[in-house]
1. Quick one: which residues, 5 or more positions from Ala63 or on another chain, have an amide H under 5 Å from its amide H? H modelled 1.01 Å from N in the peptide plane, none for Pro or chain starts.
2. Express in nm, to one decimal, how much length is gained between Ala98 and Asn57 on full extension, taking 0.36 nm for each residue of separation and deducting their alpha carbon distance.
3. Among Thr60, Thr26, Thr168, which comes first, then next, by fewest other beta-carbon atoms within 10 Å?
4. Determine ³J(HN,Hα), in whole Hz, for all residues of the stretch 35-46 in sequence, where each value follows from phi through the Karplus function 6.51 cos²θ - 1.76 cosθ + 1.60 and θ = phi - 60°; x replaces Gly and Pro.
5. Determine the dipole magnitude for the stretch 153-258: charges of +1 sit on the beta-carbon of Lys and Arg, -1 on that of Asp and Glu, nothing else is charged, the reference point is the Cα centre, and the result goes in debye to the nearest 20.
6. Counting only C-alpha contacts under 8 Å and six or more residues apart, can you give the relative contact order of the stretch 169-261 as a whole percent?
7. For the stretch 153-258, evaluate the Debye formula with one uniform point scatterer on each Cα (no solvent term) and list log10 I(q)/I(0) at q = 0.14 Å⁻¹, rounded to two decimals.
8. Determine, for each peptide in 275-283, 42-50, the mean count of other beta carbons within 10 angstrom over its residues, then list the peptides with the highest first.
Amino acid sequence: MGMRIDSSYNNYPVNRSTQTDTTRKTANDELSYLQDKFKDYSFVAANFRQGMRYGSNATTNVAISPQFLKKMANDPKLAEEYEKEIANMKSCDQWCRANIQARGDKLVADGWAIDKDGGISRWSIGTHDDRTARVKSPTEYANELYEKKKAAKKNDTAELLKSLQNSTKGLNIAVGSALNMSKDNKTGSVAINQKILDKAMNDPETAKKLSELVTGIEKAEKTVAGYYNSIGGVTERTSHWYIDENGNLLSFGYTHRDDKLNKKLREEAANNSKELIERSREKSRERAKELAEKLTEKDETAKAKPHLEKFEDMRDKLAKGDFLNDRA
């Protein structure tokens, strides 16, 4: 039954009528709607104060601020969001109550409170063997719930990372917030932003994309490793990858090679070049010397030519007897 609690904690029933998304306008409408939807729950419209008790140990008990009930009645998206939170309260109650019994304690009363700003808290009253009452404030329970949800999310993320790691070989996958650009001689390091991991936990399409990116990284690493193994001489190689919160892939790589074989060949080529250059210079000097000798010989021949021509002229005249006629 839906109940309202006034400042004196007096409970009185709310007028019940079936409410729909179009007819809910007031806090009373919203309270009736929630009670109709959640059969194993007991709802009250109240601003929770420490020490208040409502409902029973057989139901999930929820006190909701009248101001917030009105907000829910007039905001379908807000109502839908908090209906999901309310739906989770039952399973949490079951866990908490079982935990109390496991400790040997006895539950006296418990419940939930949603304040005027939408803040959610849980309270409980229990007794131990000495019958001393124990009370946990809504704040304490809110902190406990937060830590449990945080631990659960961490465990879920760890399982997802483990699944991605097991689906590949040669990669080191971890949660990260930025691309590592250090030359640390490590390869196959993959950092994945926490937000994309959280999204992948609830979105199959994101999970599929994440898996495909990791598979692509694995193939790229194998290709690059095969290339450098084939050419040899690699003394240092680094490759880091990062998948950001939007699913974008970033990478950083560094490689240093000391190719001793090619280095030796380059040295031999340099030495051969020096020898070739020296031989070319020697031939050039020899040719220059030969040319100079030929030029000298030609010059001497040119100087002797007039004398030779005169001698030959005299020889011809003697042969003809003209020389003696000339002398007479």
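1. Under 5 Å from the amide H of Ala63: Val44, Trp112, Ala113, Ile114.
2. Values: separation 41, 0.36 × 41 = 14.76 nm, distance 1.22 nm.
Contour length minus the Cα-Cα distance gives 13.5 nm.
3. Ranked by crowding around the Cβ, least crowded first: Thr26, Thr168, Thr60.
4. Using θ = phi - 60°, the values come out as 5, 5, 7, 10, 5, 8, 10, 10, 9, 9, 8, 6 Hz.
5. 160 debye
6. Relative contact order of the stretch 169-261: 35 percent.
7. -0.54
8. Values: 275-283: 9.9, 42-50: 19.7.
Output ranking for 275-283, 42-50: 42-50, 275-283.
Each reported figure results from applying straightforward, stated rules to the coordinates on display, with no laboratory input. It should be emphasised that the depicted structure is a prediction, and the values quoted were computed from it without experimental measurement. Heads up, the Cβs are rebuilt from the backbone with ideal geometry, glycines too, and the neighbour counts pull from every protein chain shown.
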